[in-house]
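The values are calculated or read from the model by the stated rules, or taken from the named source; none is laboratory data. Everything numeric in this text was worked out from a predicted model, so none of it was measured. Cβ sites come from the backbone with ideal geometry, for glycine too, and all protein chains shown count toward neighbours. All accessible areas refer to the heavy atoms of the entire protein, side chains included, with ligands and DNA or RNA removed. Shrake-Rupley method; radii C 1.70, N 1.55, O 1.52, S 1.80 Å.
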Amino acid sequence: MQITKEILYGILGAYVYEIIFVDRNHTVCYMNKTAKQRYGDRVQVGKSLFNCHNKNSKEKIEEFLRRADAGENEMFEILNEKTGEREFFVPVRNSDGDVIGYYERHEVSWTKDTPHIPIYEYWKNKQ
C-alpha cells in the first residue's frame, strides 16, 4: 500500500493529542482535529504562531531552532503548572536532515485511578 497524503492526514486527524506543525517562518501549516478543538480561533492555519505567543516564547522557540540546527532532536521545554503537562519542542527534518519546521509535544500525567480516560474526556473536563 502506498502511504498517501490522505492516509497521513487520516492518521494525524485521528491522533488524540494536538499537533500543530509550524514552518521555519513560524507560520502554522497544519492543525489536527484535537488542536482545532483545544485552541479554537487562537491558533489558525496560515497565520503566525506568534499571534498567540509572547516575545519571551519567540526567543525560546528561536533558541530551540538553533539547537535543532546544531543536531538536537526533541527538547524539554517546560512543566506547565496550569495544565500539569510536560511540553517538548520537536523539530521536523526533511530527508537531508535539515529542520523544516517544528511542533510541540505535550505529555499529560495520569494517576493510577484515571489511565482509562480518553484524552478528549480529559480536555473536556479540564476546561
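Please give the direction-averaged projected area of the C-alpha convex hull for the chain, in square nanometres with one decimal.
The orientation-averaged projected area of the Cα hull of the chain comes to 9.4 nm².
Once phi is turned into ³J(HN,Hα) by the Karplus curve 6.51 cos²θ - 1.76 cosθ + 1.60 with θ = phi - 60°, what whole-Hz value does each residue of the range 51-65 show in order, with x for glycine and proline?
So the J values, rounded to whole Hz, are 5, 10, 10, 8, 4, 4, 4, 4, 4, 4, 5, 4, 5, 4, 5.
In whole percent, and with a 1.4 Å probe on the protein chains, what portion of the accessible area of the chain is carbon and sulfur?
51
With the contact rule set at Cα under 8 Å and sequence spacing of 6 or more, what percent relative contact order holds for the chain?
21
If packing is taken as the mean number of other Cβ atoms within 10 Å per residue, what is the order of 74-82, 25-33, highest first? Please report the intermediate quantities before stating the final value.
On the way: 74-82: 11.1, 25-33: 16.7.
In descending order of packing, they fall as 25-33, 74-82.
Considering only 73, 102, 37, whose Cα is most displaced toward the positive end of the charge dipole of the chain, charges sitting on Cβ of Lys, Arg (+1) and Asp, Glu (-1)?
Farthest towards the positive pole: 37.
How would the range 1-74 be classified by its alpha-carbon gyration tensor: rounded, prolate or oblate, with rounded meaning a/c under 1.5 and the a/b versus b/c comparison settling the rest?
oblate
Taking only protein heavy atoms into account and a 1.4 Å probe, give the accessible area per residue of the chain in Å². Each step should come with its number before you reach the end.
On the way: 8570 Å² over 127 residues.
That works out to 67 Å² per residue.
Sort 17-24, 4-11 for me by packing, meaning the mean count of neighbouring Cβ atoms within 10 Å per residue, highest on top.
17-24, 4-11
Counting Lys and Arg as +1 and Asp and Glu as -1, each charge on the Cβ, what is the dipole of the chain about the Cα centre in debye, to the nearest 20?
Details: 19 positive and 20 negative charges, 88 e Å.
Here the chain has a charge dipole of around 420 debye.
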